[in-house]
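Take a look at the structure set out below.
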Amino acid sequence: MLFFKGLFRKKKHEIDYGKLPEHIAIIMDGNGRWAKKRGLSRSIGHREGSNTLKKIVTFCEEIGIKYLTVYAFSTENWKRPKSEVDSLMSLLKEYLKNADKELSGKNVRINVIGDISRLSPEIQALTKKVMKSTSRNTGMLLNIALNYGGRDEILKAVKAIAKETAAGKISADDIDEKMISDHLYTSGIPDPDLLIRTSGEKRLSNFLIWQSAYSEFWFTDVLWPDFKKENMLEAIYAYQNRDRRYGGI
């Protein structure tokens, strides 16, 4: 039995590097539970999660993933205790400040999606700085979703289209799926092929709800701080062994 289990684990890692998903999205869940299991504070769990993110970004860039979108802070996360929100914001500042050094030698471009207007002026300035400093990189695009909510994103897109319609710039008949997509934060970015959620939860939690209409979902019980490149390979293997029909046969 152990022999066959070993073979199965090995097979999961035998992915086809010529057929990688173009865009992977990740709901990085389980930092708090990881810390609780170890009798540690949630802030330490978030720090470990941040360290995992650095490793996964590096790995995805190395194997040739073109787009990686991670759910870093949602519009609903403001409901958490102030101490936890402050800890998350502190980690975010640290990550953005050190991004250039962390990505040194890596061809990664950073893009921030979401409504950053509610974030502190310092974080807003850091997001603009890191996006500018990595803008000439031509490799993987790392989308960091900050103060992001899928419904809020669609609402903003609808309002923008409504204003253009009221101004006579477009007619109602001009509105189609492409126009809506073009008004989202992810305009110009292909929809995710593979969406991963860690920690055993099986829901989108308001993440990329328009863009993930035909994404392949992959759920794992692994908590985000424990997520490793082997888990990423397992997810990609599962993706490559699915039949994507997009409503066809």
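Data overview
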{"quantity": "Condition met for Asp152 (among the charged types (D, E, K, R), touching a strand residue (DSSP E or B) at 6+ places or on another chain (Cβ under 8 Å), crowded, with 16+ Cβ neighbours inside 10 Å and closer than 24 Å to Met28 by Cα)", "calculated": "no"}
{"quantity": "Ile110 vs. criteria in contact with a Leu (Cβ under 8 Å, 6 or more places away or on another chain), crowded, with 16+ Cβ neighbours inside 10 Å and in a loop (DSSP other than H, G, I, E, B)", "calculated": "no"}
{"quantity": "Which listed residue, of Leu233, Leu155, is part of a helix (DSSP H, G or I) and either without any contact (Cβ under 8 Å) to a residue 12 or more places away in the chain or of a type in the set (Gly, Ala, Ser) (or both)", "calculated": "Leu155"}
{"quantity": "Scan of the stretch 206-230 for residues that are surrounded by fewer than 16 Cβ atoms within 10 Å (Cβ to Cβ) and in contact (Cβ under 8 Å) with a residue 24 or more places away in the chain, ordered by number", "calculated": "Ile209, Tyr214, Lys228, Lys229, Glu230"}
{"quantity": "The stretch 174-197, residues that are over 25 Å from Tyr71 (Cβ atoms) and either at pLDDT below 95 or in a loop (DSSP other than H, G, I, E, B) (or both)", "calculated": "Ile175, Asp176"}
{"quantity": "Residue count for the stretch 12-69, restricted to those that are part of a loop (DSSP other than H, G, I, E, B), without any contact (Cβ under 8 Å) to a residue 12 or more places away in the chain and out of contact with any Ser or Thr (no Cβ under 9 Å at 6 or more places or on another chain)", "calculated": "4"}
{"quantity": "Hits in the stretch 71-88 - residues which are part of a helix (DSSP H, G or I) and over 17 Å from the mean Cα position of the chain (by Cα)", "calculated": "Trp78, Lys79, Lys82, Ser83, Glu84, Val85, Asp86, Ser87"}
{"quantity": "Considering residues of the stretch 177-197 that are under 12 Å from the mean Cα position of the chain (by Cα) and of a type outside the set (D, E, K, R) only, the residue surrounded by the fewest Cβ atoms within 10 Å (Cβ to Cβ)", "calculated": "Thr186"}
{"quantity": "Residue among Leu68, Leu103 that is crowded, with 19+ Cβ neighbours inside 10 Å, aliphatic (A, V, I, L, M), closer than 29 Å to Ile236 by Cα and over 13 Å from the mean Cα position of the chain (by Cα)", "calculated": "Leu103"}
{"quantity": "Filtered residue count, the stretch 158-173, keeping only those that are polar (S, T, N, Q) and part of a helix (DSSP H, G or I)", "calculated": "1"}
{"quantity": "Residues of the stretch 134-176 classified as aromatic (Phe, Trp, Tyr) and more than 30 Å from Lys106 (Cα to Cα), total", "calculated": "0"}
{"quantity": "Out of Glu76, Glu94, Glu84, sole residue that is surrounded by 15 or more Cβ atoms within 10 Å (Cβ to Cβ) and of a type in the set (Asp, Glu)", "calculated": "Glu84"}
{"quantity": "Qualifying residues in the stretch 205-243 (those that are in contact with a strand residue (DSSP E or B) (Cβ under 7 Å, 6 or more places away or on another chain) and among the charged types (D, E, K, R)) - the one nearest to Lys19 (Cα to Cα)", "calculated": "Arg242"}
{"quantity": "Filtered residues of the stretch 120-152 (kept if among the polar types (S, T, N, Q) and either part of a loop (DSSP other than H, G, I, E, B) or under 16 Å from Phe73 (Cβ atoms) (or both))", "calculated": "Ser120, Gln124, Thr127, Thr134, Ser135, Asn137, Thr138, Asn143, Asn147"}
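The values are calculated or read from the model by the stated rules, or taken from the named source; none is laboratory data. For clarity, every value in this text was computed on a predicted model and none was experimentally measured. Glycine also receives a Cβ, built like all others from the backbone with ideal geometry; neighbour counts cover every protein chain displayed.
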